Amino acid sequence: MNRPRLQARRTTAGFTLLELLLATAVAAIVLLVINTTFFGALRLHNATHEKIDDDLVLQRTLGIIRRDLAGLRLPGNPQATTYQLAGQLSTEDNTTNELDNVAERITPDLYTGSAKIDGWTPFSEVQMVSYFLAAATDGRPNKDLVRVVTRNLLAATEPLAEQQRLLNNVVAAGLQFFDGENWQDSWDSATSSTLPAAIKFSVLLAARDGSAPRTTDPVELVVPIIVKTTQTAADEAAAAAASSQP
């Protein structure tokens, strides 16, 4: 008498085909949501880290440029016959190196005290720095920002210049000089006997894939020039005296 009941219980204890289909559909939806969320978070993580890496490289480059511009030295006397560690700030007359023939010069020769002194470097803190836009080494259509450094300014033979690639995917870059009233595209301290009140460096970057500029506006860095030539000090004193007169 008990066998039919046991058999009935066994037949009603399993899952029906509809229940299996519903469970499979629910599991597929859950896996789809997990997959979408996981890979979306992974893409966001990678994009964030790429952005941070790009910003770190940009900030490091701007820090180097700021130090070079802030350490600008007074121009040497063009009539002096002795060796000098500082030359003129001129966009017209610059020393030449191997990049002048194959790259776009962005800055004139900058005589700056941004070099580090240590026990392994037998030169002074004054060095000559120039910036260029050179063709990218990885074949990309945009260019690399290259810093050319000459450490030994009193070399008996032609001094060696060191090339440092600071930034890639550069669309354009430029330098402007502030004369106290307006921004100028050129400067010649040999003619004016003065230095600019400030220098502005601008750079326009492309996206990581090089397809288009990141933004329509360039990144700009304005650095005030602290040192003043004798002519600048005389001009400021004359202007102050004139303004104090009734």
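All of the numbers you see were taken from the coordinates with simple rules; none came from a lab. Remember, predicted model here, so these are calculated numbers, not experimental data. Cβ placement follows ideal geometry from the backbone for every residue including glycine, while neighbour counts extend to all protein chains displayed.
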Discussion item. Could you check the spin-label model distance between Ala240 and Ala41? Points 7 Å from the Cα along Cα→Cβ, value in nm.
Written reply: 6.3 nm
Item to complete: Provide the gained length on full extension for the span Leu18 to Ser193, in nm with one decimal, where the gain is 0.36 nm per separating residue minus the Cα-Cα distance.
Response: 53.8 nm
Practice prompt. Measure nothing fancy, just the Cα-based angle from helix 3-12's long axis to the longest principal axis of the chain, in degrees from 0 to 90, nearest 10.
Written response: 30 degrees
Fill in: Most to least packed among 31-38, 200-207, 186-193 [average Cβ atoms within 10 Å]
200-207, 186-193, 31-38
Discussion item. Between 0 and 90 degrees, rounded to the nearest ten: what's the tilt of helix 17-70 against the longest Cα principal axis of the chain?
Written reply: 10 degrees
Fill in: Rg and Dmax [Cα atoms of the stretch 50-236; Å; Rg one decimal, Dmax integer]
17.1, 52
Fill in: Taking the stretch 50-236 and dividing mean pair separation by its residue count, relative contact order in percent (alpha carbons under 8 Å, at least six apart)
19 percent
Worksheet item: Of the residues Leu20, Leu175, Leu85, which exhibits the maximal mean-square fluctuation in a Gaussian network model of the chain defined by a 10 Å Cα contact cut-off?
Response: Leu20
Response to the item:
Note on the stretch 143-199: alpha-carbon gyration tensor, axes a ≥ b ≥ c; rule is a/c under 1.5 for rounded, else prolate if a/b larger than b/c, else oblate; result oblate
Item to complete: Treating the Cα atoms of the stretch 83-186 as identical point scatterers in vacuum, please give the log10 of the normalised Debye intensity I(q)/I(0) at q = 0.17 Å⁻¹, two decimals.
Response: -0.88
Discussion item. If I build a Gaussian network model for the chain, linking alpha-carbon pairs within less than 10 angstrom, which residue out of Phe178, Phe132, Phe15 has the largest mean-square fluctuation?
Written reply: Phe15
Worksheet entry | Sorted by Cβ neighbour density within 10 Å, fewest at the top, the residues Ser130, Ser124 | Ser124, Ser130
Worksheet, complete the sentence: Residues other than Thr232 with Cβ under 15 Å of its Cβ, Lys/Arg counted +1 and Asp/Glu -1, net out at -3
Item to complete: Using only Cα atoms, find the angle between the long axis of helix 230-244 and the longest principal axis of the chain, and express it within 0 to 90 degrees, rounded to the nearest 10.
Response: 90 degrees
